[in-house]
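Shown next, in structure tokens, is the structure this report addresses.
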Amino acid sequence: MRVVTWNIQKGIGLDFRRDLGRTVKVLEGLGADVIGLQEVLRTGEGDQAETVARELGMDLAWGRARAARGGEYGNALLVRGAAHFECVHDLGIPWRENRVALQAVAEVSGVRVRMFVCHLGLGFGERRKQIATLTAHLRSAPKTEPRLVMGDFNEPHAGPVRRALAEEFPDAPAPLRTHPSMLPLMSLDRIAWDAPLRGDVRVVPVQGASDHRALLATLDCMPGLNCS
């Protein structure tokens with residue numbers, strides 16, 4: 001299973017042009033089975049989530065974070081198989097831009113993984129509260145499938161997010177630099193998973209299609225353990 005997480009910055013590239021076709025082209029080249037996207041718009045001017053899902057031939061689960069002009073803004077999960085929507089966890093902090101975690105089950109070729117697609121806030125104190133809330137949701141999730149959490153965690157240096165992910169997912173891969181995309185200096189984006197899954201993760205260039213680079217994890221199931 002190839003899993004991608006990417007903050008697409010509403011389809012706006014480093015040239016400040018909104019070009020969703022460029023976003024789709026990058027994703028097409030990755031051949032992913034599961035894609036978690038952040039900063040996605042669904043408005044009267046165009047539904048980015050539906051467009052990307054349709055162009056890639058993938059199923060869609062949507063996590064609304066807040067209202068946007070003429071529509072919504074949030075996180076999306078795309079699956080080359082079935083995306084079974086579960087719920088949207090509110091990670092909002094008063095007086096801050098609202099943030100959420102989308103929970104859904106991705107089913108690909110008989111393998112089911114419980115996905116959490118997240119986008120945390122910019123402030124240290126904000127993220128500390130959000131990661132505590134997210135951890136509680138991770139621990140209360142049904143144990144019927146292995147868990148995978150991914151997204152833009154907005155933590156530029158070691159802090160509460162990194163500590164929480166290491167505690168909840170002891171085999172989580174080390175943070176990799178993804179931002180800014182032209183010359184990555186900060187490890188804002190992460191993917192971590194439960195032990196029944198194993199694999200690695202790498203940074204993927206995005207040809208200036210966003211201010212974030214993408215992460216691509218290639219996963220399989222440990223022998224003798226059930227991932228279905």
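Would you pick out the residues in the range 43-71 that are at pLDDT 95 or above, open to solvent by 50 Å² or more (accessible area, probe 1.4 Å) and in a strand (DSSP E or B)?
Scanning the range 43-71 gives Asp59, Arg64.
Does the range 115-148 hold any residues that are assigned to a strand (DSSP E or B) and either of a type outside the set (A, V, I, L, M, F, W, C) or open to solvent by 50 Å² or more (accessible area, probe 1.4 Å) (or both), and which are they? So that I can check it myself, show each step before the final result.
Keep residues of the range 115-148 that are assigned to a strand (DSSP E or B), which gives 115-119, 147-148.
Of everything in the range 115-148, those that are assigned to a strand (DSSP E or B) and either of a type outside the set (A, V, I, L, M, F, W, C) or open to solvent by 50 Å² or more (accessible area, probe 1.4 Å) (or both) turn out to be His119, Arg147.
Would you point out the residue of the range 1-49, among those that are among the hydrophobic types (A, V, I, L, M, F, W, C) and more than 18 Å from the chain's Cα centre (by Cα), that is farthest from Val201 (Cα to Cα)? I'd like the intermediate steps shown before the answer.
Taking the range 1-49 and keeping what is among the hydrophobic types (A, V, I, L, M, F, W, C), we get 1, 3-4, 6, 8, 12, 14, 16, 20, 24, 26-27, 30, 32, 34-35, 37, 40-41, 49.
Then keep just the ones that are more than 18 Å from the chain's Cα centre (by Cα); that gives 14, 16.
On the way: Leu14: 24, Phe16: 28 Å.
Once the filter is applied, the top-ranked residue is Phe16.
Could you check Thr23 against (1) at pLDDT 95 or above; (2) touching a strand residue (DSSP E or B) at 6+ places or on another chain (Cβ under 8 Å); (3) surrounded by 15 or more Cβ atoms within 10 Å (Cβ to Cβ) and say which number it fails?
Just one mismatch for Thr23, condition (2).
Scan Gly151, Gly110 and give me the residue that is of a type in the set (Gly, Ala, Ser), within 19 Å of Glu86 (Cα to Cα) and buried (at least 20 other Cβ atoms within 10 Å of the Cβ). Before you say what the answer is, go through the steps one by one.
Details: Gly110 fails: buried (at least 20 other Cβ atoms within 10 Å of the Cβ).
Result of the check over Gly151, Gly110: Gly151.
Take the conditions part of a strand (DSSP E or B) and either in contact with a Pro (Cβ under 7 Å, 6 or more places away or on another chain) or modelled with pLDDT under 95 (or both) and apply them to Arg162. Does it pass?
Working: part of a strand (DSSP E or B): no; either in contact with a Pro (Cβ under 7 Å, 6 or more places away or on another chain) or modelled with pLDDT under 95 (or both): yes.
Taking the combined requirement at face value, the residue does not satisfy it.
May I ask you to list pairs of residues, at least six apart or on different chains, whose Cβ atoms are under 6 Å apart, with the first in the range 1-21 being under 25 Å from Ala217 (Cβ atoms) and touching a residue at least 60 places away in the same chain (Cβ under 8 Å) and the second being β-branched (Val, Ile, Thr) and open to solvent by 40 Å² or more (accessible area, probe 1.4 Å)?
Here the result reads Arg2/Thr218, each pair linking the range 1-21 to a residue that is β-branched (Val, Ile, Thr) and open to solvent by 40 Å² or more (accessible area, probe 1.4 Å).
Restricting attention to the range 29-42, which residues are part of a strand (DSSP E or B) and small (Gly, Ala, Ser)?
Going residue by residue through the range 29-42, those that are part of a strand (DSSP E or B) are 34-42.
Across the range 29-42, the qualifying residue is only Gly36.
Scanning the range 196-224 for residues that are at pLDDT below 90 and out of contact with any strand residue (DSSP E or B) (no Cβ under 9 Å at 6 or more places or on another chain), which turns out nearest to Lys25 (Cα to Cα)?
Pro223
The values are calculated or read from the model by the stated rules, or taken from the named source; none is laboratory data. Bear in mind the structure is a predicted one, so any value in this text is a computation, not a measurement. All Cβ positions, even for glycine, are placed from backbone atoms using ideal geometry, and neighbour counts span all protein chains on display. When the accessible area is computed, the model is the full protein with side chains, heavy atoms only, and any ligands, DNA or RNA have been set aside. Shrake-Rupley method; radii C 1.70, N 1.55, O 1.52, S 1.80 Å.
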